[in-house]
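Worksheet: the structure to be examined is printed underneath.
The values are calculated or read from the model by the stated rules, or taken from the named source; none is laboratory data. From a predicted model like this one, the values you see are computed outputs, not experimental measurements. Note: ideal-geometry Cβ built from the backbone for every residue, glycine included; neighbour counts use all protein chains shown. Side chains included, ligands, DNA and RNA excluded: accessible areas come from the protein's heavy atoms. Shrake-Rupley method; radii C 1.70, N 1.55, O 1.52, S 1.80 Å.
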Amino acid sequence: MVKNSNIYKFDVIERVLSESPCTNKDEVLILAGVMRDIAITNTNYNMEVKNAFIDAYNEISAGLTIENIKEIKAIINNNKK
């Protein structure tokens, strides 16, 4: 089954939050922005994946507070144990 861009978006958000120290939203956005920019220029990624990185950045930027980010990160870390 092929994932759609919305599912990829959540995969990207999870990866950004698990890789970032998440001490403030700017740090998270910097990492998400770098990942988005790399994805956009990667010729091996199709538009669905590129859009997922763009959507993930936008979701983090507009839709998540630092409190949300820390909560999600805690959930991710608990699920990895």
Restricting attention to region 48-68, the residues that are among the hydrophobic types (A, V, I, L, M, F, W, C), in contact (Cβ under 8 Å) with a residue 12 or more places away in the chain and over 16 Å from GLU19 (Cα atoms) number exactly 4
Only one of (1) assigned to a loop (DSSP other than H, G, I, E, B); (2) open to solvent by less than 80 Å² (accessible area, probe 1.4 Å) is not met by ASN77, so which one is it?
(1)
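Would it be correct to say that ILE38 is at pLDDT 95 or above, closer than 16 Å to TYR8 by Cα and in contact with a Lys or Arg (Cβ under 8 Å, 6 or more places away or on another chain)?
no
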Answer with yes or no whether GLU59 is in a helix (DSSP H, G or I) and open to solvent by 70 Å² or more (accessible area, probe 1.4 Å).
no
Subset of region 27-44 [free of Cβ contacts under 8 Å to residues at least 24 places away in the same chain and surrounded by fewer than 16 Cβ atoms within 10 Å (Cβ to Cβ)]:
GLU27, ILE30, VAL34, ASP37, ILE38, ILE40, THR41, ASN42, THR43, ASN44
